[in-house]
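Report on the following structure.
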Amino acid sequence: MTVNGVPVVAIDGPTGSGKGAISRSLAAGLGWRLLDSGALYRSVALKAGREGFGLNDPQALAAAASRMQVEFSPALDPEAAYLDGEDVTALLRTEECGAMASRIAVIPEVRKALWVRQRDFARPPGLIADGRDMGTVVFPEAELKVYLTASPEERARRRYKQLIQKGIDVSLPDLSEDIARRDERDANRVVAPLKPAEDARVLDSTVLSPYYCHAPIRFWKV
Ligand code: C5P
């Protein structure tokens, strides 16, 4: 099925499952648009921190989520993000921003505001949607739903490598703890918890390189 005539592939999974890298390479290979929904939650977290809205003010957070201007420039840098015109690529990728995004993501008003914005990414010729609830809530009619997973140890190791490569100083034990906390929060929240859609294809990437994940997804899509 399509979303308003646009084919959508939903790629969900926890932090470090490889969904970001795989979504980016699929979108580039197919020439489709990419929705990095985590970057939207991270943008709300950044805006909230700057404008002083706390977690106890869902209305202000939801208003910020509806109002903020977010742009991505995948042609320049696959992770490039601009919030209200400012380049926030590096700021969005910090562990603090990710942890705050995960706390904001439990708030139903924020999820509702971002639902509308995420649906708007479905434009021709097609969309690769990367997140936690793409197949279950945002694009239930996606033509293909993939749920990527990997062992917690491997996911922590991947995140560690990524952050160190970006020059961000982290410790592996701290990162493992943070990932466990985020998994717990994402999987147990009341609204849109992280789980595979009933019709999702589950792919365990623990011992697979991105190339070997890419191949079955391209095959399922045909
Ligand atoms: O994927 P990323 O790490 O950038 O997402 C940051 C946080 O945003 C996640 O830990 C998760 O809590 C939340 N999120 C979400 N639903 C999505 C995407 C991200 O709840 N579709």
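The table that follows gives values for the structure above.
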{"quantity": "Subset of the range 182-217 that is surrounded by 13 or more Cβ atoms within 10 Å (Cβ to Cβ) and among the charged types (D, E, K, R) - its residue that is nearest to Met1 (Cα to Cα)", "calculated": "Arg201"}
{"quantity": "Residue that is of a type in the set (Val, Ile, Thr) and more than 9 Å from the ligand (Cβ to nearest atom), where the choices are Val146, Val137, Val106", "calculated": "Val146"}
{"quantity": "Every residue from the range 175-222 that is modelled with pLDDT under 90, in contact with a Ser or Thr (Cβ under 6 Å, 6 or more places away or on another chain) and in a loop (DSSP other than H, G, I, E, B)", "calculated": "none"}
{"quantity": "Condition broken by Ala64, with the remaining ones in (1) touching a helix residue (DSSP H, G or I) at 6+ places or on another chain (Cβ under 7 Å); (2) more than 16 Å from the ligand (Cβ to nearest atom); (3) part of a helix (DSSP H, G or I); (4) without any contact (Cβ under 8 Å) to a residue 24 or more places away in the chain satisfied", "calculated": "(2)"}
{"quantity": "Considering residues of the range 38-59 that are open to solvent by 20 Å² or more (accessible area, probe 1.4 Å) and among the hydrophobic types (A, V, I, L, M, F, W, C) only, the residue farthest from Gly18 (Cα to Cα)", "calculated": "Phe53"}
{"quantity": "Members of the range 118-144 found to be crowded, with 24+ Cβ neighbours inside 10 Å and part of a loop (DSSP other than H, G, I, E, B), listed by number", "calculated": "Arg132, Asp133, Phe139, Ala142"}
{"quantity": "Count of residues meeting criterion [of a type in the set (Gly, Ala, Ser), under 20 Å from Ile179 (Cα atoms) and touching a strand residue (DSSP E or B) at 6+ places or on another chain (Cβ under 8 Å)] in the range 1-57", "calculated": "8"}
{"quantity": "From the options Ser23, Ser73, Ser37, residue that is more than 25 Å from Ser171 (Cβ to Cβ), out of contact with any Phe, Trp or Tyr (no Cβ under 6 Å at 6 or more places or on another chain) and away from the ligand (no atom under 12 Å from the Cβ)", "calculated": "Ser73"}
{"quantity": "Subset of the range 20-35 that is closer than 16 Å to Ala142 by Cα and not aliphatic (A, V, I, L, M) - its residue that is least open to solvent (accessible area, probe 1.4 Å)", "calculated": "Ser23"}
{"quantity": "Number of the exception - Leu163 against (1) open to solvent by less than 60 Å² (accessible area, probe 1.4 Å); (2) free of Cβ contacts under 8 Å to residues at least 60 places away in the same chain; (3) in a helix (DSSP H, G or I)", "calculated": "(2)"}
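The values are calculated or read from the model by the stated rules, or taken from the named source; none is laboratory data. In this text, all values refer to a predicted model and were calculated from it rather than measured experimentally. When we count neighbours, we look across all protein chains shown, and the Cβ atoms used for this are built from the backbone with ideal geometry, even at glycine. For the accessible areas, the whole protein counts, side chains as well, though only heavy atoms, and no ligand, DNA or RNA atoms are used. Shrake-Rupley method; radii C 1.70, N 1.55, O 1.52, S 1.80 Å.
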